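Worksheet for the structure shown next.
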């Protein structure tokens, strides 16, 4: 075994520097949007301290021995579930979701940190023993591990984060080597459920597609029937669940499907974000010069709508730079996952990729108007200690795995 | 491992990135203009800045109506979550002292802008200015304040919600009072708060001008109180009182009952709001005899001492029966007027050619509007000679078959006693700008000479006789010679002239040798009493008695105006709390005992004017008996007499004003 002791080999600046750049761009945007805002004074300073703490934690995680992630898997998952239950009982309601657990002056969101627990435990569970992931029972176990936190988070209710967990779970199941048919069985009910949102016609069309695909897969009648019933049930259940949502969450979904239905309600933020980004033009209006930002047209812009500060003040150029930096980070993680020799590590990396990508895609998507407005922070840029710390832990794990990539053969 | 799956994910990532870049290019490059325009539209606004409406003042500069800056608070519920709504409700509950649930209910009531509080005072704004909640905003909302509630309501009129004059002076002088609105180019933030103003592209509003009335507030108050008192006593349906300066046609007071409260005008009926002194006509009855008599004497058709057979009270002429309430065998010309003999009048009028008679009536102003500067005037009804029946001239000579407005009557009487000159009645004597500089002054307008001065003198003497030994003895006033004429007319109803409903009127003047006041009192359909001499004359007497006491200049020069002498009058003083007027004017008993302006007036120390508008400050200073000198515009930032110092009347208070950013904000929208 040949080990390269060059620092480049141990510490991938190609990943770390883009992340650091994103954090710095985020700090600039937070400064611009909060320094003149009467209710957000001090947010920049707080975020700056969190940046230092997060980088410190990043290095701690980076230097942890490789085995820690396996040993910690069960414990961290159990702790995550524990806190997700505790927060439902005694959590503080923030923006309509009971998601904040306070300890005196400090507090955190269990749903942020539970991502680590789920990623580690699923990776551990898939690789603990030889498993046939195409066995329906095994799929069921895997889905249970991933969807237990989804259920708890939906109870808060925090739909955005729940979606992240769903993507995370599906991505890891996919990466674990499930057959295409297996993936179809797992995903199709979700598609059917989503289709049910658009009304009965679309739902029936989705079911027809399911039936056609079932014919193509040429499985036995029993399996086909089961899958079909699953789809049907998913549609009905989702319709029921949709009606259980709070009105503001419902209207966010419907206003995305039909933006003209509620132009001044849930569509307000989406429209204002687009106005901010669009008015930025190619070069942007300059740092601290974005009047859409400075005039506070977008409420709480420093959290979920930080991207439109960049779009407005740094223009198309700035927006593209952020997208490229994310692209570098995500492609690097995907690359690590595909070259990793340990299946467990590889799964962990895919989990991390899924979390970062879903946050990135949904957040920027809602800023530019291609996904619904679901409250999710943009990793590394949005204001918020829990989010930044958790993302740096994920990057820490990523680089830790990269550092140790040659230890396993 | 998993190369194919990695490729699948990579492909998926690339597709997503391409979509994202495409969308960004679409928004930021191809649709850049569209979104920039959209941003500009919502951030940059041309704001309409309403000019402050001018004051209405009485002849001595006392403010009768002013405009007050107030602020209305709104919340955009779309920008508020439950937690913020809760905070907002507690803040408002604390500031306005109302239940928190009240505000919560308002906030829950709509999706969009809801009004949390209408027309709050400036101090509430200061309290709330430090609270920043996205979605809470305010706008300036002016209120028209009538500090004396219903005083001179029919003269002043009222404004609608947008401060547009609807009735009275507010309507007639609307374009003077309104001023010129300005506009501001303003960059504003999401809650509508202006952040910066582009002065180059803005136009300051020009405040409305002040209208100075000829009304004497003291006379007005006394007239209203006494008219109300008399109306209550006689249980009449309605009443009118007008006081005029006979020398030039200035209206000194106009009072009508029923009346209304200009602030809450909408809760009153049309009939309460009507200025019946100019909008309604009546058959004047015997008060017309003085006019007929003047015409006859001016034509030289009778002599003062000529004796006329008055037929002992009953006289038939062309099928009609004319009666006198007071029966006399015969009366001389003077006595005919003093005792108000219809028969005597009929016989005298017979000597007058119909066309001549008509010409005199026209010359005295009957049958056409007086063109007084108040809205809604009617011309009255005057038959042309072609339409006279055999008895028309006779009936018209004592005030039937002719309909006049009370104001026409007073105007005609002014000419009757001032040497024969008919003046156009007027109620506004001066227009000033916001710094109290005169813009225009209205001069009396002489319309024509109606009768010779010696005839005027003669008629005046006759009318003094009416008060001294005739039907008007109830109108006699201590120490001052007054003259006048009573009038009692049957009201025209569906069944012809009513035997139950009368109009009782009295029109008098004083002091007799050099009249400074002419005053008409009409009580419509009194239940207690019916004669002008018993119903209207006492009202005249009480009102005039008080006016003479209040205004020593009224007294003729030969009366000794020493303090000891003058004190005699005090025993005639009636309580003048003003309560009656207000109770009548305000059915909801919303008595506001603290007139905001009066509160200032009653102070003997200088108030703090900081933050007042120029207009408010100037009016406060003038009410304190000080002179004002203004520098700059906007809001007061400095006053030369510091707040809290004792006021020495007649001194000059210098104020400096400036538009500061705060005041701009508050004035915007």
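The values are calculated or read from the model by the stated rules, or taken from the named source; none is laboratory data. Computed from a prediction, not measured in an experiment: that's the story for all the values here. All Cβ positions, even for glycine, are placed from backbone atoms using ideal geometry, and neighbour counts span all protein chains on display.
Suppose the filter is within 14 Å of another protein chain (Cβ to nearest Cβ), surrounded by 13 or more Cβ atoms within 10 Å (Cβ to Cβ) and touching a residue at least 40 places away in the same chain (Cβ under 8 Å); does residue B:125 pass it? No, not satisfied. Which of the residues spanning segment A:95-116 are surrounded by fewer than 16 Cβ atoms within 10 Å (Cβ to Cβ) and within 14 Å of another protein chain (Cβ to nearest Cβ)? Residue satisfying the conditions is A:95 alone. Scanning segment B:152-170 for residues that are buried (at least 18 other Cβ atoms within 10 Å of the Cβ) and either in contact with a strand residue (DSSP E or B) (Cβ under 7 Å, 6 or more places away or on another chain) or assigned to a strand (DSSP E or B) (or both) turns up B:152, B:154, B:155, B:156, B:157, B:159, B:163, B:165, B:169, B:170. When residue A:337 is tested against (1) more than 8 Å from every other protein chain (Cβ to nearest Cβ); (2) crowded, with 24+ Cβ neighbours inside 10 Å; (3) closer than 11 Å to residue A:398 by Cα, exactly one condition is not met: (1). Conditions first: (1) modelled with pLDDT of 80 or more; (2) within 14 Å of chain A (Cβ to nearest Cβ); (3) not in a helix (DSSP H, G or I). Residue B:134 passes all but one, so which condition is the exception? Unmet for residue B:134, out of (1) modelled with pLDDT of 80 or more; (2) within 14 Å of chain A (Cβ to nearest Cβ); (3) not in a helix (DSSP H, G or I): (1). Considering A:301, A:249, the condition of being modelled with pLDDT of 80 or more, within 14 Å of another protein chain (Cβ to nearest Cβ) and either exposed (fewer than 13 other Cβ atoms within 10 Å of the Cβ) or under 27 Å from the mean Cα position of the chain (by Cα) (or both) is satisfied by A:301 alone. The lone criterion from (1) at the interface with another protein chain (Cβ under 7 Å from one of its Cβ atoms); (2) crowded, with 16+ Cβ neighbours inside 10 Å left unmet by residue B:3 is number (2). Could you tell me whether any residue of segment B:476-486 is touching a helix residue (DSSP H, G or I) at 6+ places or on another chain (Cβ under 9 Å) and either assigned to a helix (DSSP H, G or I) or without any contact (Cβ under 8 Å) to a residue 60 or more places away in the chain (or both)? Yes; the residues of segment B:476-486 include at least one that is touching a helix residue (DSSP H, G or I) at 6+ places or on another chain (Cβ under 9 Å) and either assigned to a helix (DSSP H, G or I) or without any contact (Cβ under 8 Å) to a residue 60 or more places away in the chain (or both).
Candidates A:129, A:176: the one that is within 15 Å of residue A:347 (Cβ to Cβ) and within 14 Å of another protein chain (Cβ to nearest Cβ) is A:176.
Restricting to segment B:247-256, give me the number of residues that are over 16 Å from residue B:156 (Cβ atoms) and either crowded, with 24+ Cβ neighbours inside 10 Å or outside the structural domain of residue B:521 (by TED's automatic domain parsing) (or both). Talk me through it step by step, then tell me what you get.
First, pick out the residues of segment B:247-256 that are over 16 Å from residue B:156 (Cβ atoms): B:247-250.
Those left that are additionally either crowded, with 24+ Cβ neighbours inside 10 Å or outside the structural domain of residue B:521 (by TED's automatic domain parsing) (or both): B:249.
Within segment B:247-256, residues that are over 16 Å from residue B:156 (Cβ atoms) and either crowded, with 24+ Cβ neighbours inside 10 Å or outside the structural domain of residue B:521 (by TED's automatic domain parsing) (or both) number 1.
Checking the stated criteria, residue A:349 turns out not to satisfy the condition of being within 12 Å of chain B (Cβ to nearest Cβ), assigned to a helix (DSSP H, G or I) and under 30 Å from residue B:29 (Cα atoms).
Here is a yes/no grid of residues against (1) part of a helix (DSSP H, G or I); (2) more than 9 Å from chain B (Cβ to nearest Cβ); (3) in contact with a strand residue (DSSP E or B) (Cβ under 6 Å, 6 or more places away or on another chain):
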position	(1), (2), (3)
A:269	yes, yes, no
A:275	yes, no, no
A:314	yes, yes, no
A:325	yes, yes, no
A:345	yes, yes, no
A:363	yes, yes, no
A:370	no, no, no
A:380	no, yes, no
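Applying the set (1) surrounded by fewer than 16 Cβ atoms within 10 Å (Cβ to Cβ); (2) over 21 Å from residue B:140 (Cβ atoms); (3) away from chain A (no Cβ under 14 Å) to residue B:62 leaves exactly one unmet item: (1).
Run down A:160, A:182, A:190, A:146 and say which single residue is in contact (Cβ under 8 Å) with a residue 40 or more places away in the chain, away from chain B (no Cβ under 14 Å) and buried (at least 19 other Cβ atoms within 10 Å of the Cβ). So that I can check it myself, show each step before the final result.
On the way: A:182 fails: away from chain B (no Cβ under 14 Å); A:190 fails: buried (at least 19 other Cβ atoms within 10 Å of the Cβ); A:146 fails: in contact (Cβ under 8 Å) with a residue 40 or more places away in the chain.
Step by step, each of A:160, A:182, A:190, A:146 is checked, and only A:160 is in contact (Cβ under 8 Å) with a residue 40 or more places away in the chain, away from chain B (no Cβ under 14 Å) and buried (at least 19 other Cβ atoms within 10 Å of the Cβ).
For residue B:73, state whether it is closer than 30 Å to residue B:177 by Cβ, in contact with a strand residue (DSSP E or B) (Cβ under 8 Å, 6 or more places away or on another chain) and within 14 Å of another protein chain (Cβ to nearest Cβ).
Here the answer is no, as residue B:73 does not meet what is asked.
Take the conditions surrounded by fewer than 24 Cβ atoms within 10 Å (Cβ to Cβ), modelled with pLDDT under 90 and within 10 Å of another protein chain (Cβ to nearest Cβ) and apply them to residue A:295. Does it pass? So residue A:295 fits the description; yes. So, residue B:135, is that one surrounded by fewer than 23 Cβ atoms within 10 Å (Cβ to Cβ) and touching a helix residue (DSSP H, G or I) at 6+ places or on another chain (Cβ under 7 Å) or not? So residue B:135 fits the description; yes. On the basis of being within 11 Å of another protein chain (Cβ to nearest Cβ), surrounded by fewer than 22 Cβ atoms within 10 Å (Cβ to Cβ) and under 25 Å from the mean Cα position of the chain (by Cα), does residue A:318 make the cut? So residue A:318 does not fit the description; no. Criterion first (within 14 Å of chain A (Cβ to nearest Cβ), more than 25 Å from the chain's Cα centre (by Cα) and more than 22 Å from residue A:297 (Cα to Cα)) does residue B:108 satisfy it? So residue B:108 passes the test.
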